[in-house]
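The values are calculated or read from the model by the stated rules, or taken from the named source; none is laboratory data. Because the structure is predicted, anything quoted here is derived from the model rather than measured. Note: accessible area is taken over every heavy atom of the protein model, side chains too, but ligands, DNA and RNA are not part of it. Shrake-Rupley method; radii C 1.70, N 1.55, O 1.52, S 1.80 Å.
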Amino acid sequence: MTVVAAAAAAWAVAVSPASAASAETDVTESSTGGTALTFSACRVSSYGQGCYAPIGDWFSVEDGKADGHSAVVYWELYKKDSAGNFTVLTRWGTIWNNRGNGTIGYQNKTFPDGLKVKFQLCVGEYADHAVDANTCTSMVTTAS
């Protein structure tokens, strides 16, 4: 498995020193806390699936491959700049499903309404939080 220095570097570029945002690292829970979820966007690969539900700001992360690695969603949250474009990164992080093949985990975040959420599904090593950039889907953008 190629551990991504390149993706980490790319993500570090996205989080400029001017941004006060620091990485948030979460591990999924096995339930949604009784909340019924309606997902607005998903990313699917042979490794699993990652989805986002804007009502309640829930992510789901499914590990769909018995490969000894964890499924992980990498996400970013943007607000508008002075020109009205969603270019100001305010928060970013990863959500890990380290429960194994065939499991779906959920993580609740609290995002202000009216912002943009970008995310992608990847595979990585939970023990050292290393993400394999070669496994990442393209980013999807949706509203918070």
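Assorted remarks:
- Percent carbon-and-sulfur accessible area, the chain, ignoring ligands, DNA and RNA, probe 1.4 Å: 52 percent
- Cross-link reach list, aspartates and glutamates versus LYS118, counting only Cα pairs under 12 Å and skipping chain neighbours closer than eight places: GLU76
- Solvent exposure of segment 84-136 as accessible area per residue, Å², 1.4 Å probe: 44 Å²
- Where only DSSP H runs of four or more residues are counted, the chain gives -2000 deg cm²/dmol as its mean residue ellipticity at 222 nm, each run worth -39500 (n - 2.57).
- Three-way shape label, the chain, alpha-carbon gyration tensor, a/c 1.5: oblate
- Contour minus Cα-Cα distance for ASP81 and ASP67 (0.36 nm per residue): 0.9 nm
- Lysines with Cα under 27 Å of LYS116, excluding same-chain neighbours fewer than 8 positions away: LYS79, LYS80
- Spatial separation of Cα centroids for segment 22-84 and segment 100-123, in angstrom: 2 Å
- Theoretical gain in end-to-end length, ASN134 to ALA23 [0.36 nm per residue, Cα-Cα removed]: 37.9 nm
- Build a GNM of the chain with springs between Cα atoms under 10 Å apart, and of GLY84, GLY56, GLY100 the one that fluctuates most is GLY84.
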